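Report on the following structure.
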Amino acid sequence: MKGGMNNVVLLVGIPFVIYAILALLMGALPGWVLSQTPPAPGVVPLTAQQARGRATYVAEGCAYCHTQQVRPLKQDLVFGRPSVAGDYAYATPELLGSERNGPDLSNIGSRQPSDVWQYIHLYEPRSLVSSSIMPAYPWFYRVKEHADRGDVVVAVPPGYAPSGRVVIATQEAQDLVAYLKSLKQVPLKGAVKR
Amino acid sequence: MTREEGTTSTRVTNAQRAASSASGDADLFTAFTISSTIWLLIATAVGVLLSFKFPYPDLATSPYLSFGRLRAIHTNGTFYGFASVALTGVGMYVTARSSGISLWGKSYAWAALCCYNIAAILGTITLDLGINNGDQEYREWVWWVAIFFVAAVILSTITIVGTIAKRAERYIYISNWYIVGAYIFTTILAVTSAILFYQHGLGQVAVQGFYMHNAVGMWFTFLALGAIYYTLPKLLNRPIYSYALGVLGFWTNLVFYPIIGAHHFEFTPIPWWFQTLAIVFSVGMLVPVFAGTGNFVLTISGRWERVRRSMALPFIVVGIAYYFLGSSQGTIEALRSLQSIWHLTSYTVGHSHATMYGFITFIAWGCIYGLLPKATGKEPNPLATGLHFWLATIGVTIYVIALSIGGTIQGLNWAQGDPFITSVESAAPYWMARSIGGTMMFVAHLLFAYNVYLMTLARRASNPDAIGVVHA
């Protein structure tokens, strides 16, 4: 059997064609079709500030520990209603995630609407949740002697605050919190098709 | 000049040429192995630091050492800096030996090595600066970094296909089917996934499922299986048990693997039937896994004494065992009833280490220990090899068992409606155990690096001149 798969052209060509077809059918085509999904009613694009906050969320890899996908399972309902395709119409790059070292954030804007809480939590999570394993993000803040006009002062609990000085949220922190507060699932009216 | 003299002189020239070009093969194998070893050390040092951030979250608080940035550096460093380069070095050497000639197009191979490293260096720097494609696992590198990796794969393909085309052997050995396949598939895969303009929102999720599974299945699995099909019979000094099982494995891997990517996104709004299709073919994956494992075990059968006395074969045996366990585990995980508990927990991280480390990395080590001394004529240290083997084997086993138990408990906590923080608290001891296993694995890598030094750059111990120099 010289010929057949002992011919280098066939050895390269046959698997190439088979895999190219499969890559098209299983990768590119579903990717293209699902990219056309229209937004669910009420799902709107982010504002410029929220988009900057999302870019920070992406850059810092928040999605490695926080999913943005509520599964149609009983244990996920604490995070919100099951996600639908139209929730993700403006969500590029996608941030569905693969691991929940922390809770799902699909609906965190509704579940934790307080920016005071978010600012303190991002500065030092353990000041609010003692057994949290979330990293602290002090580089989103400036520590100053006195607050100036227009500064967003963060009321860090005693023991975690630098003594005698004030913690100020930078523009980056304000953008990130604006993004987190924008994560609100729109209510679905009527029957949900799935 | 008589005819006889002419023939003799030609023969001498050919022999000299063969010797010099075979040393060219050895130089390439050496360079790929050293390069991959450096990335193994960097990427797993990062991995150990990451694991200690679970018990000590305030450890090394800095943007450049933060969990969210380092995690991608660990995964991409191990995938593309270490495993891809190590297995390409092995793959090129295997292709040349099984083709009966010296590697064709060595300059392409050297260029490939450069491109792999440019990609890994740029990728590490950009990720540490927070420049990425989002948390799209194993394709976080932005396109202008990924393009160097694609170039490296294409350059490697040219060398390997060229070598097979020029082969002195009549038949193309089965290992080369798998190795050539890996490069062809990965070129297509990388192009499909690196082009981002058509991917938005949920569409990007679909491509991501396809990409992340195929990067493991069509790249590393094919490379590792190809390497086993050559190295295992070579070290046992007997033919592979069944050529036909190897062929069956090749075609079933090729057809089943690309269909199962969506099992990474079960219970998402990706169409339900598409997820079901992925689950069905995940069960189908048992066919190539059983065919491959059975073929390897039957090849070894009756030669266990040889395995015991070999430095390289134990690594390959552990690699085959983890191939079987990790792949079967993947099938079971894909079932919806179990996925609902295990998905999104640390269980998945245990699974990925069972496969990428227990299987892929052990096969790379076994082939390097088995083939590199033949290429360079220099042996590793037996004690260091033994310690490397046991630390890595015990380390990864602790790692996988710890996260399997911890992940299951996390999933059960969620299922019974505990507050989220309960799952963090109950997984904590298992995360600590993972750090202990991970530290053992890292120490094993230091011993491997020492052995790579002995097999490549070190002076030949058996060379009396070298000893004389030392004493003088």
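Mind putting a number on the dipole of chain B about its Cα centre? Charges go on the C-beta only, +1 for Lys and Arg and -1 for Asp and Glu, and I need it in Debye to the nearest 20.
In debye, rounded to 20, chain B gives about 1320.
For chain A, what does -39500 (n - 2.57) per DSSP helix run (n ≥ 4), summed and divided by total residues, give at 222 nm, in deg cm²/dmol to the nearest 500?
Calculated mean residue ellipticity at 222 nm is -9000 deg cm²/dmol.
Tell me which of B:I179, B:F281, B:L447 sits at the most positive position along the dipole axis of chain B, charges placed on C-beta atoms (Lys, Arg +1; Asp, Glu -1).
Farthest towards the positive end: B:I179.
Rounded to the nearest 0.05, what FRET efficiency do A:Q112 and B:R309 give with R0 = 45 Å and r taken as the Cβ-Cβ distance? Could you check?
For A:Q112 and B:R309, the calculated efficiency is 0.15.
Helix B:201-214 against the longest principal axis of chain B: what's the angle in degrees, Cα atoms only, rounded to the nearest 10?
Once rounded, the angle reads 40 degrees.
So, for chain A, what is the accessible surface per residue at a probe of 1.4 Å, expressed in square angstrom?
Spelled out: the 1.4 Å probe surface of chain A, per residue, equals 47 Å².
I'd like the orientation of helix B:3-52 relative to chain B: the angle between its Cα long axis and the longest Cα principal axis, in ° from 0 to 90, rounded to 10.
It is inclined by approximately 20 degrees.
For B:I101, enumerate residues with amide H under 5 Å from its amide H, sequence gap 5+ or separate chain, H modeled in the peptide plane.
Distant-sequence amide H within range of B:I101: B:A168.
Enter the buried accessible area of the A/B pair, total of both sides, probe 1.4 Å, in Å² rounded to the nearest 100.
Summing both chains' loss of accessible area gives about 6500 Å².
Amide H to amide H under 5 Å from A:Y141: which residues, 5+ apart in sequence or cross-chain, H placed 1.01 Å off N in plane?
The answer is A:T170.
Set Lys and Arg Cβ to +1 and Asp and Glu Cβ to -1, take the dipole of region B:241-375 about its Cα centre, and tell me which of B:V318, B:H263, B:T331 lies farthest positive.
Positive-most Cα among the choices belongs to B:V318.
Which order do B:V349, B:V90 take by accessible area at a 1.4 Å probe, largest first?
Putting B:V349, B:V90 in descending order of accessible area: B:V349, B:V90.
Relative contact order, percent, of chain A when contacts are C-alpha pairs under 8 Å separated by at least 6 residues?
Here the relative contact order equals 23 percent.
List, in order, the whole-Hz ³J(HN,Hα) value for each residue of region B:106-119 obtained from phi through the Karplus relation with A = 6.51, B = -1.76, C = 1.60 and θ = phi - 60°; use x for Gly and Pro.
5, 5, 5, 5, 5, 4, 4, 4, 4, 5, 4, 6, 4, 4
So how strong a dipole does the protein assembly as shown carry about its Cα centre when Lys and Arg Cβ are +1 and Asp and Glu Cβ are -1, to the nearest 20 debye?
With Lys and Arg at +1 and Asp and Glu at -1, about 1240 debye.
Once fully extended, how much extra length lies between B:F197 and B:A31, figured as 0.36 nm per residue of separation less the alpha-carbon to alpha-carbon distance?
Full extension of this stretch gives 56.1 nm more.
Which FRET efficiency value, to the nearest 0.05, do you get for A:A155 and B:S62 by plugging their Cβ-Cβ distance into 1/(1 + (r/R0)^6) with R0 = 30 Å?
The pair A:A155/B:S62 has a calculated efficiency of 0.75.
In the full protein assembly as shown, how much of B:Y93 is accessible to a 1.4 Å probe, in Å² to the nearest 10?
Number for this one is 20 Å².
Quick one: angle between helix A:8-23 and the longest Cα principal axis of chain A, in degrees between 0 and 90, rounded to 10, please.
Approximately 50 degrees, to the nearest 10.
A:V33 to A:V143: extension gain in nm, 0.36 nm per residue of separation minus the Cα-Cα distance?
Extra length from A:V33 to A:V143 when fully extended: 34.7 nm.
For Cα pairs less than 8 Å apart in space and 6+ apart in sequence, what is the mean separation divided by the residue count of region A:92-194, i.e. the relative contact order in percent?
Relative contact order comes out at 32 percent.
Using a 1.4 angstrom probe on the protein heavy atoms only, line up A:W117, B:W273, B:W177, A:W32 by accessible area, largest first.
Sorted descending by solvent-accessible area, the residues read B:W273, A:W32, A:W117, B:W177.
Report, to two decimal places, the Cα Rg of region B:19-164 normalised by 2.2 N^0.38 Å (N = number of residues).
1.17
Run the simple label-point estimate for B:K166 and B:I121 please: 7 Å along Cα→C-beta, distance reported in nm.
In this crude label model, B:K166 to B:I121 measures out at 2.9 nm.
Rounded to a whole number, what % of the accessible area of the protein assembly as shown do carbon and sulfur atoms account for, probe 1.4 Å?
Carbon and sulfur: 68 percent of the exposed surface of the protein assembly as shown.
Stretched out fully, how many nm does the piece from B:S301 to B:T397 gain, at 0.36 nm a residue minus the Cα gap?
32.2 nm
Which of B:M218, B:L59, B:W414 sits farthest toward the positive end of the charge dipole of chain B, with +1 on the Cβ of Lys and Arg and -1 on the Cβ of Asp and Glu?
Ranked along the dipole, the leading option is B:M218.
Name the shape class, rounded, prolate or oblate, that the alpha-carbon gyration tensor gives for the protein assembly as shown, where a ≥ b ≥ c are the square roots of its eigenvalues, rounded holds for a/c under 1.5, and otherwise prolate holds if a/b is larger than b/c and oblate otherwise.
prolate
The values are calculated or read from the model by the stated rules, or taken from the named source; none is laboratory data. Source: prediction; values computed, not measured. Cβ atoms come from the backbone with ideal geometry, glycine included; neighbour counts cover every protein chain shown. With ligands, DNA and RNA removed, areas are computed over all heavy atoms of the protein, side chains included. Shrake-Rupley method; radii C 1.70, N 1.55, O 1.52, S 1.80 Å.
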